[in-house]
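The block underneath contains the structure these notes are about, expressed in structure tokens.
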Amino acid sequence: YDRPYDWTKAGRTQLFKDLLTPAGLDEVKTYADGIGPWKRYLVTVKATLDSSGNPVDVNGDDGINEADFQAVANGALIEEAKKRALLVHTWTFRNEPHRLARTYGGDPQKEYLQFFELGVDGVFSEFPDTAVAARAMYLNNQ
């Protein structure tokens, strides 16, 4: 689960994350046209912590989930992939409020728009109607 199976069989100790380094992207370019990183490699989420270092239930729903976190974008991986003419498709997008960072105010289209603005070429979504509508909105604003 932590590395490609063929790497395990060959005795390679690197992990999936190593595919996302400049050297890893160079290797990927030898056999693929794109990458499919988990969306948290592109936009992380950051919790508000209490004095003990524990995440705070910011929205008061008696649970700690993405709705309590802020989205923090990092376009470096996309930039490195684009330097190598690699497409970037990320995953998995959902509409449920507890799956959306607080940054998006409960609006799943805002999450898609952030990723399209970062330069992703495509997304995998559990809600393709929302993904298509957000992509159309993004393209209309270009």
Exercise for the section: Would you be able to say whether some residue in segment 89-107 is surrounded by 15 or more Cβ atoms within 10 Å (Cβ to Cβ), of a type in the set (A, V, I, L, M, F, W, C), more than 20 Å from residue 3 (Cβ to Cβ) and touching a strand residue (DSSP E or B) at 6+ places or on another chain (Cβ under 7 Å)? Expected result: yes
Exercise for the section: For segment 96-107, state whether one or more residues are touching a His at 6+ places or on another chain (Cβ under 7 Å), modelled with pLDDT of 95 or more and not acidic (Asp, Glu). Expected result: no
Practice task
Please state which of the following conditions residue 113 fails to meet, knowing it meets all the rest: (1) part of a helix (DSSP H, G or I); (2) surrounded by fewer than 14 Cβ atoms within 10 Å (Cβ to Cβ).
Solution key: (2)
Problem - Among (1) open to solvent by less than 50 Å² (accessible area, probe 1.4 Å); (2) in contact (Cβ under 8 Å) with a residue 60 or more places away in the chain; (3) of a type in the set (A, V, I, L, M, F, W, C); (4) not in a loop (DSSP other than H, G, I, E, B) - the single one residue 120 does not satisfy - result: (4)
Practice task
Please work out if residue 23 is under 19 Å from residue 75 (Cα atoms), open to solvent by less than 80 Å² (accessible area, probe 1.4 Å) and outside any strand (DSSP E or B).
Solution key: yes
Fill in the blank from the handout: Checked 82, 9 against criteria (of a type in the set (D, E, K, R), in a helix (DSSP H, G or I) and closer than 29 Å to residue 104 by Cβ); the one match is 82
Exercise for the section: Give the residue, chosen from 73, 101, that is under 21 Å from residue 125 (Cβ atoms), touching a Leu at 6+ places or on another chain (Cβ under 9 Å) and in contact (Cβ under 8 Å) with a residue 12 or more places away in the chain. Expected result: 73
Problem - Residues satisfying the stated conditions in segment 49-58, i.e. in a loop (DSSP other than H, G, I, E, B) and open to solvent by 70 Å² or more (accessible area, probe 1.4 Å) - result: 51, 52, 54
Problem - Selection from segment 123-142 of residues that are open to solvent by 40 Å² or more (accessible area, probe 1.4 Å), closer than 22 Å to residue 35 by Cβ and not in a helix (DSSP H, G or I) - result: 124, 126
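The values are calculated or read from the model by the stated rules, or taken from the named source; none is laboratory data. Only a predicted model underlies this, so the values are computations on that prediction, with no experimental measurement involved. Here the Cβ is made from the backbone with ideal geometry for all residues, glycine too, and neighbour counts use every protein chain on show. Note: areas computed on protein heavy atoms with side chains; ligands, DNA, RNA excluded. Shrake-Rupley method; radii C 1.70, N 1.55, O 1.52, S 1.80 Å.
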